Amino acid sequence: MDALVNKRIKQVLKGDQNAFSDIVSLYQHKLYQICYRMLGNNHEAEDIAQEAFVRAYINLHTFDQKRKFSTWLYRIATNLCIDRIRKKKPDYYLDAEVAGTDGLDMYSQLSSDEQSPDDAALQMELQDRIQYEISRLPDKYRSVIVLKYIEELSLQEISEILDLPLGTVKTRIHRGREALRKQLNNL
């Protein structure tokens, strides 16, 4: 896949704008998932993913083709997500009632698996709680926890995406896990 991506990058750099659409097709779902996990909002995740592709296209000439394109792209997206999180204060909470409904909250808007209603409810509550607790982590811990455990990236890829030494990534993962464990202690 890296060979295909590098071929498309060379085509884009030679002026073939359509070649970038192949790159977008390869990475759009994964990039959206990273953004969604970090931001927790569908529309913001779509916006940031799109912005990441735009920035990647504009700055493609700076990309070192000896490295993995996905790592470079995920780093752009992660930085954009962190910027968005820092600029935005929460304007809603999952516990808040949805306007125009009879006591429904945002939890009711989350999708569920096709399990028994009781199991689905328990699973959803647990997932919501974990996602909520992850969102409460400081930015430096949240980003490494999301990339490591939700996106399942290697420590080396996380190090490259966040432009941090490997030891710092390991420390932040450990501290993030400990903070999350303390937050979830009463489960």
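The values are calculated or read from the model by the stated rules, or taken from the named source; none is laboratory data. These figures come from a predicted structure and were not determined experimentally. With ideal geometry, Cβ positions are generated from the backbone for all residues, glycine too; neighbour counts draw on all protein chains shown. Accessible surface is based on the protein model in full, side chains and every heavy atom, while ligands, DNA and RNA are left aside. Shrake-Rupley method; radii C 1.70, N 1.55, O 1.52, S 1.80 Å.
Across region 168-187, the qualifying residues are those that are out of contact with any Ser or Thr (no Cβ under 9 Å at 6 or more places or on another chain) and of a type in the set (Val, Ile, Thr), and the one among them that is least open to solvent (accessible area, probe 1.4 Å) is ILE173. Taking region 135-167 as the range and being in contact with a Ser or Thr (Cβ under 8 Å, 6 or more places away or on another chain), open to solvent by 30 Å² or more (accessible area, probe 1.4 Å) and either touching a residue at least 40 places away in the same chain (Cβ under 8 Å) or in a helix (DSSP H, G or I) (or both) as the test, the residues that pass are GLU157, GLU160, LEU166. All but one of (1) assigned to a helix (DSSP H, G or I); (2) open to solvent by less than 60 Å² (accessible area, probe 1.4 Å); (3) over 19 Å from VAL144 (Cα atoms) hold for MET38; state the number of the condition that does not hold. (3) is the only condition that MET38 fails.
Name the residues in region 64-75 that are of a type outside the set (A, V, I, L, M) and under 14 Å from PHE20 (Cα atoms), would you? Break it down stepwise before answering.
Our first condition is that a residue be of a type outside the set (A, V, I, L, M); within region 64-75, this holds for 64-72, 74-75.
Matches in region 64-75: PHE69, SER70.
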